[in-house]
Amino acid sequence: MAGASHPPLAAPSPWVARFAPLVATAGTVLDYACGSGRHARWFAGRGHPVVAVDRDAAALAALQAVAGVRAVQADLEDGPWPFEQGRYAAVVMTNYLFRPRFEQMCDLVADGGVLIAETFMVGNERLGKPSNPAFLLKPGELLERTAGDFLVVAFEQGEITLPKPAVVQRICAIRGHAAAGLPPLPRDLT
């Protein structure tokens, strides 16, 4: 249809955008359970090669034409594991939780790479979906799940009002011993 306008692309999560400068220049980013691919598109626009994975073929189809993005259809909960361990400069996971493969997801982060995660936690059930405890983090759970393997740069948990009321938990953490030699954080992160 001539002159048809497309809906605007969703902005990246402010949490993801805040810690994106920690991702190695031109390092490959994995947008894990990418959904519509808002983070895949955003990181590709910043010059990162991106692998966007989800089981939703329709959502991935829209990413096929995005320069710098390789869309991978995979069932991250029940299908064969489609990735090699320790390969990505960053793994970004938002609005998703599947505990049985959480450790495997973390193992995808290369030494010195960044895990940026933000999802719902207990308490969200009073505000809306998700409300199933299987999809809600317990207090401090992201800290527990990354302890020992990651250096935590930032961690938050609690209620937010934007983009909509929710109870979330989020972490930015750097994997492995290379984290000890990191340069200071950029001024806008501290």
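Only the coordinates and a few stated rules stand behind these numbers; no lab work does. All values reported here derive from a predicted model rather than from experimental measurement. Every residue, glycine among them, receives a Cβ derived from its backbone with ideal geometry; neighbour counts consider all protein chains shown.
Here are some notes:
- Per-residue ellipticity at 222 nm, computed for the chain from helices alone with -39500 (n - 2.57) per DSSP H run of at least four residues, works out to -3500 deg cm²/dmol.
- Per-residue Karplus couplings for segment 142-159, computed as 6.51 cos²θ - 1.76 cosθ + 1.60 with θ equal to phi - 60°, are listed in order as 5, 5, 4, 6, 9, 4, x, 9, 10, 9, 6, 8, 7, 8, 9, 8, x, 8 Hz, Gly and Pro entered as x.
- Which labelled figure in (1) 1, 8, 19, 23, 23, 16, 7, 2, 0, 0; (2) 1, 7, 12, 13, 13, 11, 8, 6, 6, 5, 5, 4, 4, 3, 1, 0, 0, 0; (3) 1, 8, 16, 20, 21, 17, 10, 4, 1, 1, 0, 0 is P(r) over Cα pairs in 5 Å bins from 0, in percent, once derived from the coordinates: (3)
- Under 5 Å from the amide H of Ala52 lie the amide H atoms of Asp31, Arg70, Ala71, Val72, each residue being 5 or more positions distant or on a separate chain, with H modelled from the backbone and absent for Pro and chain starts.
- Options Trp42, Tyr88, Ala24, ranked by Cα towards positive dipole end of the chain, top entry (Cβ charges): Trp42
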